[in-house]
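The values are calculated or read from the model by the stated rules, or taken from the named source; none is laboratory data. Just so it is clear, the structure is predicted and the values come from calculations on it, not from any experiment. All Cβ positions, glycine included, derive from the backbone under ideal geometry; neighbour counts span all protein chains shown. Remember, those area values only see protein heavy atoms, side chains included, never the ligands or the DNA or RNA. Shrake-Rupley method; radii C 1.70, N 1.55, O 1.52, S 1.80 Å.
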Amino acid sequence: MKNLESLDLTQILLEVDAAGIATVTLNREAKRNALDTRTVEELVNLFSTIPRAGVRAVVLRGEGAHFCAGLDLVEHFKEDRSPAEFMHLCLRWHEAFNKMEYGGVPIIAALKGAVVGGGLELASSAHIRVADRTTYFALPEGQRGLFTGGGATIRVADLVGKARMIDMMLTGRVYQGEEAMAVGLCQYLVDDSEAKAMEIARAAAAHPPLTNFAICSAISHMQNMSALDAAYAEAVVAGIVNTQPDARGRLEAFANKTAARVRPK
Ligand code: 1HE
């Protein structure tokens, strides 16, 4: 697929199927998919390229039993970084995660095992989180003597609220199962998170790309605006999206009574 072949990926596996669904796999199973410097750079490059490569949706997964163990603590220990070096590293995490959240291509995180620390920051940059029965969420930064640096103060706090995030960091509280669903850490709890994530990705990929672009970019941008400016931006985006040629056939089908109706299960 355009532009993707030229990426130099060693920590991440990338597969794109005929429908344009990309499966992005963190491929450091022996290190529980901990995020080292190289992996973060690969995420920056990959998610900078994906929106212009014709990918229609992404399933993000980890190899092995755990989604992601967060910051590579061993690398961090060995590097013995200065404050400025770690600040710049965090800015690269933000670069990667902002590319994901604001890139306009639906990203569905298929979660299992540990989704902890920076792993939760990564998962919270996806647009939908699907957990299985093994999945557990935590922010163990406190017990490691660290602080979040990959956007948790924004995205995890958005998902669960400030009070729960502070509790997670001060107490090491672990959320899983129905409780994780109830507090908003995941939107689906299923037996097979990868199969469900793929099903969601396929359904989303059936929408016009411009519509998904608005859903997976404009909403996040609008959250950063005043209500007045967000309403204005929403009108501008809707002006473009809701008059796109790709929508005409769908509107015609509804008008002709051939389109599916919205029904409860
Ligand atoms: C690692 C990492 C890692 C595993 N960095 N190498 N994150 C954490 O505090 C979570 C740390 N990890 C764990 O608590 C556990 O490893 C797991 C619960 C994820 C998995 O447990 P387990 O028993 O399956 O594996 P393990 O025996 O602990 O680890 C297997 C290997 O993975 C081992 O390496 P080996 O060479 O000795 O075999 C571990 O060292 C390695 N490994 N996790 C490096 N995180 C931008 S700021 C973000 C701040 C944070 O993310 S703080 C939270 C960090």
Original post:
How far, in nm, would the chain grow between D229 and A247 when pulled straight, counting 0.36 nm per residue and subtracting the alpha carbon separation?
Top reply: 3.9 nm
**OP:** Work through the residues other than R28 whose Cβ is under 13 Å from its Cβ and net out their charges, Lys, Arg +1 and Asp, Glu -1.
**Re:** -2
Subject >> Per residue accessible area of the chain, 1.4 Å probe, in Å² >> reply: 52
Subject >> With eigenvalues of the C-alpha gyration tensor scaled by 5 and rooted, the chain, Å >> reply: 32, 21, 19
**OP:** Work through the residues other than F47 whose Cβ is under 13 Å from its Cβ and net out their charges, Lys, Arg +1 and Asp, Glu -1.
**Re:** -1
**OP:** State which helices in the chain qualify, where a helix is a whole DSSP H run, it must extend 15 Å or more along its own axis by its Cα atoms, and its mean Kyte-Doolittle hydropathy must be at least -0.5.
**Re:** 37-49, 83-102, 193-205, 227-241
Original post:
Per residue of the chain, what 222 nm ellipticity follows from adding -39500 (n - 2.57) for every DSSP H run with n ≥ 4, rounded to the nearest 500?
Top reply: -13500 deg cm²/dmol
Original post:
How compact and how long is region 12-93, expressed as Rg and Dmax of its alpha-carbon atoms in Å?
Top reply: 14.3, 45
Original post:
Share of Cα-Cα pairs in region 63-215 beyond 25 Å, in percent?
Top reply: 30
Subject >> Surface share of carbon and sulfur [accessible, 1.4 angstrom probe, percent] for region 138-265 >> reply: 59
Subject >> Value of Rg to Rh for region 209-255 (Rh from inverse mean 1/r over Cα pairs, i.e. Kirkwood) >> reply: 1.07
**OP:** For region 182-248 and region 1-46, compute the distance between their C-alpha centroids and round to whole Å.
**Re:** 23
**OP:** Translational diffusion coefficient, Stokes-Einstein: compute it for region 72-161 using the Kirkwood radius over C-alpha pairs as Rh, at 20 °C and 1.002 mPa s, and state it as an integer in µm² s⁻¹.
**Re:** 154
Original post:
Does region 134-230 classify as rounded, prolate or oblate by the C-alpha gyration tensor (a ≥ b ≥ c root eigenvalues; a/c under 1.5 gives rounded; else a/b over b/c gives prolate, otherwise oblate)?
Top reply: oblate
Original post:
Ranked highest first by average number of other Cβ atoms within 10 Å, how do 82-94, 189-201, 39-51 line up?
Top reply: 39-51, 189-201, 82-94
Original post:
By per-residue mean of other Cβ atoms within 10 Å, what is the highest-first order of 100-113, 247-260, 11-24, 130-143?
Top reply: 100-113, 130-143, 11-24, 247-260
